[in-house]
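**Q** I have a structure I would like to understand better, so I am pasting it below and will then ask my questions one at a time.
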Amino acid sequence: MSGGYQINNQQGLFFVTFSVINWVDIFTRKIYKDIITENLNHCSRTKGLKIHAWVIMSNHLHLILSHENNLSGTIRDFKGYTSKMIIRAIKEQPESRREWMLFQFSLHGKMNRRNEDYQFWTHDNHPIELCSNEMIDQRLNYVHENPVRAGFSVESIYYPYSSAMDYANQKGLVDVVTI
């Protein structure tokens, strides 16, 4: 079991949430969502990460993950890399909210001694170890129905930035190990 929102069992099955600082709605643009999906696939193929379910919402991700031996380290690497790539994309690509977003991320970066310039993700992932089939089913349903509840899609399998289509025997954007 995980206690106090920590990953104590590095090989356990966990539901985690990665939230953007100040709930900035950054994942409304494809370029930023693609950075997430590309790096999820990279971590799956090269770092031992097993992605069992995922969804990208406008300002956060929900995932069900496990790992061969070091889930915390891979999460740290994923968040560090994606934050750098997204900040770079904000600076280099057309972005109408560039100054405002960079200000938000810079302000939080300066308030945190662990960051040099910008803070993109909040530090807390709220990991919940899934210890029963009931917990797994509940979180899996929550992940896949999130875009429907938010009005992004009429059915979960039609939202491409989710693993719902993998659970409908179709190939999605991210390598998924179904439960």
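The values are calculated or read from the model by the stated rules, or taken from the named source; none is laboratory data. In this text the structure is predicted, and so the values were computed from the model without any measurement. Don't worry about glycine lacking a Cβ; one is built from the backbone with ideal geometry, like all the others, and counts go over all protein chains shown.
**Q** Might you check whether a residue that is aliphatic (A, V, I, L, M), at pLDDT 95 or above and either closer than 19 Å to P147 by Cβ or in contact with a strand residue (DSSP E or B) (Cβ under 6 Å, 6 or more places away or on another chain) (or both) occurs anywhere in region 68-85?
**A** No, there is no match, as no residue in region 68-85 is aliphatic (A, V, I, L, M), at pLDDT 95 or above and either closer than 19 Å to P147 by Cβ or in contact with a strand residue (DSSP E or B) (Cβ under 6 Å, 6 or more places away or on another chain) (or both).
**Q** Give the residues of region 139-155 that are among the charged types (D, E, K, R) and assigned to a helix (DSSP H, G or I), sorted by residue number. Spell out how you get there, then give the answer.
**A** Residues of region 139-155 that are among the charged types (D, E, K, R), as a first pass: 139, 145, 149, 155.
If the condition is that a residue be among the charged types (D, E, K, R) and assigned to a helix (DSSP H, G or I), then R139, E145, R149 are the ones that fit.
**Q** Is it the case that region 106-113 has a residue that's in contact (Cβ under 8 Å) with a residue 40 or more places away in the chain, of a type in the set (S, T, Y) and surrounded by fewer than 21 Cβ atoms within 10 Å (Cβ to Cβ)?
**A** no
**Q** Specify which of the listed residues (L61, L65, L40) is crowded, with 19+ Cβ neighbours inside 10 Å, at pLDDT 95 or above and closer than 20 Å to G151 by Cα.
**A** One residue alone meets the criteria, L61.
**Q** Return the total of residues in region 68-82 being assigned to a loop (DSSP other than H, G, I, E, B), out of contact with any Lys or Arg (no Cβ under 9 Å at 6 or more places or on another chain) and crowded, with 16+ Cβ neighbours inside 10 Å.
**A** Number of matching residues: 0.
**Q** Any residue at all in region 27-37 that is closer than 20 Å to E129 by Cα and out of contact with any Gly (no Cβ under 7 Å at 6 or more places or on another chain)?
**A** no
**Q** Under the condition of being in a helix (DSSP H, G or I) and polar (S, T, N, Q), which residue from region 44-58 is surrounded by the fewest Cβ atoms within 10 Å (Cβ to Cβ)?
**A** The extreme case among them is T46.
**Q** Follow-up question, since we're still on this one. From the list Y161, Y167, exactly one residue is crowded, with 17+ Cβ neighbours inside 10 Å and within 17 Å of F27 (Cα to Cα). Which is it?
**A** Within the list Y161, Y167, the selection yields Y161.
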